[in-house]
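Visitor: Dropping the structure in here first, questions after.
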Amino acid sequence: MQNGKSLITLIFLAIATLSWSQSTQSDTTRILFIGNSYTYYNSLPELVKAITEEKFPDQVIEIRMVSQGGMTLKGHWQEKEALQAIRSDHWDYVILQEQSKLGMGVMIDDDIYFGQTDLFFEYARKFDVEIKKADAKTVFFMTWSVSSRPEEQEILTHAYSTIAKELNATLAPIGLVWDQLRSSDQFNFYEMDGSHPSPMGSYLAATTIFSSLFEVSPLGLSGSISGNELSSLDEPLLELQPLMDITKEDAQAIQKASWSVVEALQKSGNYPEVQQPKPSYNIPLLVQGEKIDLKNIIGRWYGTSSYGFNYLGLVLDVDYVGDKLEVSLSFYAPDREDNMTVQESKLLENQLDLKMFDSLRTMNSTIQFSLNGDQMTGLLESEGAITMYKHLKLSRENIQNEFDIAAFVLLMQSFQSKILKVGYVKAAVNHYEQYSRLIGDTYLPEESYLNAQGYNFMRDDKMNDALNQFELAMTLYPQSVNTYDSYGEALVKAGKKEKALKIYTKGYELAKKTGDRNLAYIEANLMKLKEGIPILQQMRTPPPPRQ
C-alpha cells in the first residue's frame, strides 16, 4: 500500500507541475518594488518584466515601483506611499530593498561602515505584516557591497538571510551572485561611483530576481531588452526604449551564475548559513589635551575637517561677552558659506563642548575640542540614518593646506554683495573667476553637482534657490540637454509655464542637433507641457554628498 500511495503522489505532482507550466503562465503576476536608486537605476523593474515575458510569452506581468534616492525602509514606512501601494492592489510579490548600508551606517571621516541592523529588521517586520495582510509574498532584494570593500558582502548576506529566514520570505540573493562574478575582468557591474549598478549589474539583479520568484533557470534569455525607461518616481517615457544590450556570451555567463546560486539555495533550505561578522571599525575618541585657560582660546581659529565632501576650510570664533561664552562656526565650500547654529557652548577643565544644528543637513551634532599648544583638535558626532564621526584640526594660521581661508572669507562676502546687485547667476560666474585666480587654477562646479543641488532645494521647497542653481548650470554648460530639462522642470513647478516652454524648446532643439540619448524624454516633456499634462521627472536625481 505504501508504494501505491507514493506512486499516486508522484502522478499528482507531475500533473500539478504540467498544469502550472500550461496554465499559470497565462495568468497575471503583479510585482511591487520598494527600494531606492539600486532598484530604479537602469529601470530594473522593467528588466524583470521583460525577461519574464520573454520566458513565458503568455504571462502578463504588471509592475509598480515606489522608490527614492537613498531611501530606507524606515523612510518608506514613514512616508506611507509604499504602504498605500501594498494595500491598493492585489500583489503577488512585494520586493523590499534596504538602503545600501542597511539604514544604520557609521561614517568615520570619509569612510562608511555598516552599523547595526535594528532599524532594517524592525521595518522589514512591519512591512511583512502588511504584505501578508494583502495576501502577497515578501521578497528581500539582497544588495551587493561597494567595489572597494568586497569583504563587506558577508555583512549584507548575514543581514538579509537572517530576516528573510525569520519571516519565511523569499530571498533574492543578488549580492551572492555579484560576489561570485565581481573578480572577473569580463564584467563591470558598477557605475563610476563604485556603488550603483551599471546596466550589466542591473541585468544580474533582474535575472536573479526572476529565478528567485519563478524558480526556473534564466538560461537562454536575451541580453538585449527594450522597455519603458523609468524615472526614480516610476514614471515611464511615452515610447519603448532600448534598456539593455549586452553580448550573448556575457548574458549567458550571468544567467548561469544567477541560476547556480538560486538553485543551490533551494537545495539547502533557501537561506545561506552565515556567521554574524564583527564590526570592521573602532569608534574614534577625542585626543586628550591640556588644561584650557579661556584667554588662550578667545579669538579666531582657522581649520580643516572631513565634515562635508567639498569644504575648503572652516572658521571658529570664540568670544566671552559679559559672563557668557559665545561661539560661532562656519564651513566654506567653493560657492557657499554654511553657518552652523551653535545652540550651547560649555568650557570644561580641558575641553570645549559645543552642541550645534546644521540647517543644510537638518542635523544635530556635538563637537568636543581639546587644546595642545597652539593647536585645537575636534571630534564631531551626529546621529541619524548614518552615525557620523568627523575630525577637525584648527590653528591661528589662516593658511591651511596651502589655501588662504581668510582671503576666501573676503571673497565670499564680495559674492554675497554682488548677488544683491546683479543677481545670483552673474554673481556666481564672477565669483568662480575670482576663486580661480585665488587658487591659481580654473574652477567650475560640476554639472552633476549643480543639478543635484537644485533638486535638493526643490525637495526643500526653496524654489528661488533651485531656479538659481538650474539656471547657473545651464549657463555654465550650454551644450548639456540635461540642464535645460532640469531648469524647465523647476520653472514648471514654480508656475512659470511660458518661460519653461522656451527652455524646453531650446533643450529639444539641442537634443535633436546632437542626437542626445534623452531626446525622446525631453520631447515627451515638451509635448506634455504644451498639452497641459504634468511632466515627467528626471530618472536619476541623487543629492550631492552632504556628509
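The values are calculated or read from the model by the stated rules, or taken from the named source; none is laboratory data. These numbers were taken from a predicted model, which means no experiment stands behind them. Methodologically, a virtual Cβ is constructed for each residue, glycine included, from the backbone with ideal geometry; neighbour enumeration extends over all protein chains shown. With ligands, DNA and RNA removed, areas are computed over all heavy atoms of the protein, side chains included. Shrake-Rupley method; radii C 1.70, N 1.55, O 1.52, S 1.80 Å.
Visitor: How about the range 71-167: which helices (runs of 4 or more DSSP H) wholly inside it have at least 3 residues that are under 19 Å from Asn270 (Cα atoms) and either in contact with a Pro (Cβ under 8 Å, 6 or more places away or on another chain) or acidic (Asp, Glu) (or both)?
Guide: On the way: elements: 73-79, 81-88, 118-133, 153-166.
Once the helices (runs of 4 or more DSSP H) in the range 71-167 are filtered for at least 3 residues that are under 19 Å from Asn270 (Cα atoms) and either in contact with a Pro (Cβ under 8 Å, 6 or more places away or on another chain) or acidic (Asp, Glu) (or both), what remains is 153-166.
Visitor: For the range 449-466, enumerate the residues that are surrounded by fewer than 14 Cβ atoms within 10 Å (Cβ to Cβ) and either in contact with a helix residue (DSSP H, G or I) (Cβ under 6 Å, 6 or more places away or on another chain) or of a type in the set (S, T, N, Q) (or both). Walk me through how you get there before you give the answer.
Guide: Keep residues of the range 449-466 that are surrounded by fewer than 14 Cβ atoms within 10 Å (Cβ to Cβ), which gives 459-461, 464.
Scanning the range 449-466 gives a single hit, Asn464.
Visitor: So which of Asp245, Asp234, Asp193, Asp185 is under 30 Å from Lys126 (Cβ atoms), open to solvent by 20 Å² or more (accessible area, probe 1.4 Å) and either modelled with pLDDT under 90 or not β-branched (Val, Ile, Thr) (or both)? Break it down into steps so the answer makes sense when it comes.
Guide: Working: Asp245 fails: under 30 Å from Lys126 (Cβ atoms); Asp193 fails: under 30 Å from Lys126 (Cβ atoms); Asp185 fails: under 30 Å from Lys126 (Cβ atoms).
Being under 30 Å from Lys126 (Cβ atoms), open to solvent by 20 Å² or more (accessible area, probe 1.4 Å) and either modelled with pLDDT under 90 or not β-branched (Val, Ile, Thr) (or both) holds for just one of Asp245, Asp234, Asp193, Asp185, which is Asp234.
Visitor: Considering Lys278, Lys267, which residue is modelled with pLDDT of 90 or more and among the basic types (Lys, Arg)?
Guide: On the way: Lys278 fails: modelled with pLDDT of 90 or more.
Within the list Lys278, Lys267, the selection yields Lys267.
Visitor: Residue by residue through the range 377-408, note down the ones that are outside any strand (DSSP E or B) and either modelled with pLDDT of 95 or more or of a type in the set (Lys, Arg) (or both). Don't jump to the end; show me each part of the working.
Guide: Of the residues in the range 377-408, the ones outside any strand (DSSP E or B) are 383-385, 396-398, 401-402, 405-408.
Answer for the range 377-408, where residues must be outside any strand (DSSP E or B) and either modelled with pLDDT of 95 or more or of a type in the set (Lys, Arg) (or both): Arg396, Glu397, Asn398, Ile405, Ala406, Ala407, Phe408.
Visitor: Can you work out which of the residues in the range 261-287 that are among the polar types (S, T, N, Q) and without any contact (Cβ under 8 Å) to a residue 40 or more places away in the chain is nearest to Met142 (Cα to Cα)? First the steps, then the outcome.
Guide: Looking only at the range 261-287, we keep the residues that are among the polar types (S, T, N, Q), and these are 266, 268, 270, 275-276, 280, 282.
Restricting the remaining residues to those that are without any contact (Cβ under 8 Å) to a residue 40 or more places away in the chain gives 268, 282.
Values: Ser268: 18, Asn282: 26 Å.
Looking at residues that are among the polar types (S, T, N, Q) and without any contact (Cβ under 8 Å) to a residue 40 or more places away in the chain, I get Ser268.
Residues checked against (1) open to solvent by 50 Å² or more (accessible area, probe 1.4 Å); (2) outside any loop (DSSP other than H, G, I, E, B):
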| residue | (1), (2) |
| --- | --- |
| Val327 | no, yes |
| Phe331 | no, yes |
| Lys355 | yes, yes |
| Arg361 | no, no |
| Leu410 | yes, yes |
| Ile419 | no, yes |
| Lys426 | yes, yes |
| His431 | no, yes |
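Visitor: Here's a follow-up. Can we say Ile108 is over 18 Å from the mean Cα position of the chain (by Cα) and of a type in the set (A, V, I, L, M)?
Guide: Details: over 18 Å from the mean Cα position of the chain (by Cα): yes; of a type in the set (A, V, I, L, M): yes.
When the stated conditions are applied, Ile108 passes them.
Visitor: Between a first residue in the range 200-211 that is more than 22 Å from Asp185 (Cβ to Cβ) and without any contact (Cβ under 8 Å) to a residue 60 or more places away in the chain and a second residue that is open to solvent by less than 10 Å² (accessible area, probe 1.4 Å) and not in a helix (DSSP H, G or I), which pairs have beta carbons less than 7 Å apart while being 6 or more apart in sequence or on different chains?
Guide: Taking only residues 6 or more apart or on different chains, the pairs are Ser211/Pro218.
Visitor: Looking at Tyr521, Tyr508, Tyr504, which is the one that is farther than 27 Å from Met244 by Cβ, of a type in the set (Phe, Trp, Tyr) and part of a helix (DSSP H, G or I)?
Guide: On the way: Tyr521 fails: farther than 27 Å from Met244 by Cβ; Tyr508 fails: farther than 27 Å from Met244 by Cβ.
None of the other options fit; the residue is Tyr504.
Visitor: Here is a further query. Might you check whether a residue that is in contact with a Gly (Cβ under 7 Å, 6 or more places away or on another chain) and at pLDDT below 90 occurs anywhere in the range 499-522?
Guide: Residues of the range 499-522 in contact with a Gly (Cβ under 7 Å, 6 or more places away or on another chain): 500, 503-504, 507, 522.
Adding the requirement that they be at pLDDT below 90 leaves 522.
Yes.
Visitor: Any idea which residue in the range 333-343 is most open to solvent (accessible area, probe 1.4 Å), counting only those that are in contact with a Leu (Cβ under 7 Å, 6 or more places away or on another chain) and in a strand (DSSP E or B)?
Guide: Step one: filter the range 333-343 for residues in contact with a Leu (Cβ under 7 Å, 6 or more places away or on another chain), giving 333-334, 338, 340, 342.
Retained after the next criterion (residues that are in a strand (DSSP E or B)): 333, 338, 340, 342.
Numbers: Ala333: 0, Asp338: 17, Met340: 18, Val342: 37 Å².
Within the range 333-343, the match that is most open to solvent (accessible area, probe 1.4 Å) is Val342.
Visitor: Oh, and also: Any residue at all in the range 46-53 that's over 13 Å from Ile31 (Cα atoms) and touching a Phe, Trp or Tyr at 6+ places or on another chain (Cβ under 8 Å)?
Guide: yes
Visitor: Does Thr475 satisfy the criteria of being part of a loop (DSSP other than H, G, I, E, B) and either surrounded by fewer than 20 Cβ atoms within 10 Å (Cβ to Cβ) or not charged (D, E, K, R) (or both)? Step through it out loud before you land on a result.
Guide: Details: part of a loop (DSSP other than H, G, I, E, B): no; either surrounded by fewer than 20 Cβ atoms within 10 Å (Cβ to Cβ) or not charged (D, E, K, R) (or both): yes.
In short, no.
Visitor: A follow-up question, please. For the range 25-75, enumerate the residues that are open to solvent by 10 Å² or more (accessible area, probe 1.4 Å), within 15 Å of Trp91 (Cβ to Cβ) and in contact with a strand residue (DSSP E or B) (Cβ under 6 Å, 6 or more places away or on another chain).
Guide: Thr28, Thr29, Arg30, Lys49, Val60, Glu62, Ile63, Arg64
Visitor: For Val129, all conditions in the list (1) modelled with pLDDT of 95 or more; (2) surrounded by fewer than 19 Cβ atoms within 10 Å (Cβ to Cβ); (3) among the aliphatic types (A, V, I, L, M); (4) in contact with a strand residue (DSSP E or B) (Cβ under 9 Å, 6 or more places away or on another chain) hold save one; what is the number of the exception?
Guide: (4)
Visitor: Go through the residues of the range 354-363 one by one and say whether even a single one is touching a Leu at 6+ places or on another chain (Cβ under 9 Å), among the polar types (S, T, N, Q) and within 30 Å of Gln99 (Cα to Cα). Please lay out each step first, then the result.
Guide: Filtering the range 354-363 down to residues touching a Leu at 6+ places or on another chain (Cβ under 9 Å) leaves 354, 356.
Filter once more, so that each one left must be among the polar types (S, T, N, Q): none.
Checking the range 354-363: not a single residue is touching a Leu at 6+ places or on another chain (Cβ under 9 Å), among the polar types (S, T, N, Q) and within 30 Å of Gln99 (Cα to Cα).
Visitor: Just to check your reading of the model, which residue among Ser260, Ser280, Ser268 is touching a strand residue (DSSP E or B) at 6+ places or on another chain (Cβ under 9 Å), open to solvent by 40 Å² or more (accessible area, probe 1.4 Å) and not charged (D, E, K, R)?
Guide: Numbers: Ser260 fails: touching a strand residue (DSSP E or B) at 6+ places or on another chain (Cβ under 9 Å); Ser268 fails: touching a strand residue (DSSP E or B) at 6+ places or on another chain (Cβ under 9 Å).
Going through Ser260, Ser280, Ser268 in turn, just one is touching a strand residue (DSSP E or B) at 6+ places or on another chain (Cβ under 9 Å), open to solvent by 40 Å² or more (accessible area, probe 1.4 Å) and not charged (D, E, K, R): Ser280.
Visitor: What number of residues within the range 130-163 satisfy the criterion of being more than 19 Å from Thr72 (Cα to Cα) and either hydrophobic (A, V, I, L, M, F, W, C) or in contact with a Cys (Cβ under 7 Å, 6 or more places away or on another chain) (or both)?
Guide: The qualifying residues number 2.
Visitor: Specify the residue that is modelled with the lowest pLDDT; the eligible residues are those in the range 147-169 that are under 16 Å from Phe189 (Cβ atoms) and open to solvent by less than 30 Å² (accessible area, probe 1.4 Å). It would help to see each step written out before you state the result.
Guide: As a first pass, look at the range 147-169 and keep what is under 16 Å from Phe189 (Cβ atoms): 147-150, 152-153, 156.
Subset that is open to solvent by less than 30 Å² (accessible area, probe 1.4 Å): 152-153, 156.
On the way: Glu152: 91, Gln153: 94, Leu156: 95.
Selected residue: Glu152.
Visitor: Another question about this same structure. Report yes if Gly440 is open to solvent by 50 Å² or more (accessible area, probe 1.4 Å), without any contact (Cβ under 8 Å) to a residue 12 or more places away in the chain, over 16 Å from Asn310 (Cβ atoms) and of a type in the set (Gly, Ala, Ser), otherwise no.
Guide: Working: open to solvent by 50 Å² or more (accessible area, probe 1.4 Å): yes; without any contact (Cβ under 8 Å) to a residue 12 or more places away in the chain: yes; over 16 Å from Asn310 (Cβ atoms): yes; of a type in the set (Gly, Ala, Ser): yes.
Yes: the conditions hold for Gly440.
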